[in-house]
1. Restricting the first residue to the range 49-77 and requiring it to be closer than 16 Å to Leu38 by Cα, which pairs with a second residue that is surrounded by fewer than 13 Cβ atoms within 10 Å (Cβ to Cβ) and small (Gly, Ala, Ser) meet a Cβ separation below 8 Å and a spacing of at least six or different chains?
2. Could you figure out which of (1) buried (at least 16 other Cβ atoms within 10 Å of the Cβ); (2) in a helix (DSSP H, G or I) isn't true of Gly82?
3. Within the range 37-96, count every residue that is over 15 Å from Leu26 (Cβ atoms), touching a helix residue (DSSP H, G or I) at 6+ places or on another chain (Cβ under 8 Å) and of a type in the set (Ser, Thr, Tyr).
Amino acid sequence: MAQILNSDTRSAAARRSAFEIRMDILRVAAEGCTKPTLIMYQSNTSWIVLRKNLEALIAAGFMIESAVGSRTAYSITDRGVGVLRAYRNLVYLTSS
């Protein structure tokens, strides 16, 4: 019984918050991925989660959506780069 509780607690603790997912999406976009499917795979999200978070990131001004032919491309804005840089700095400062 205790083993079952420990495994449930461990998996719940391993989940990312919505904020962490958004930072992963920004990171992937900052690394040059523009295609939504690649962003989805590299940020380890589902399609539904990706769409929801892309909408939030665009609404906040951290990413932009553009049409490339018949496809949609996403890129990080300067404001998004600043947020990602601040997040990385905060993670660095709290992990040391």
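1. Qualifying pairs under 8 Å: Asn53/Ala18; Thr72/Ser66; Ala73/Ser66; Ala73/Ala67; Tyr74/Ser66; Ser75/Ser66.
2. It fails just one condition, (1).
3. Qualifying residue count, the range 37-96: 2.
Listed here are the residues, each with its yes/no results for (1) at pLDDT 95 or above; (2) part of a helix (DSSP H, G or I); (3) among the charged types (D, E, K, R); (4) touching a strand residue (DSSP E or B) at 6+ places or on another chain (Cβ under 8 Å).
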residue	(1), (2), (3), (4)
Leu5	no, yes, no, no
Leu26	yes, yes, no, yes
Ala29	yes, yes, no, yes
Ile39	yes, yes, no, yes
Asn44	yes, no, no, no
Ile48	yes, yes, no, no
Lys52	yes, yes, yes, no
Ile58	yes, yes, no, yes
Ile64	yes, no, no, yes
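The values are calculated or read from the model by the stated rules, or taken from the named source; none is laboratory data. Remember, it's a predicted structure, so these values are computed and weren't measured experimentally. Backbone-built Cβ (ideal geometry, glycine too); neighbour counts: all protein chains shown.
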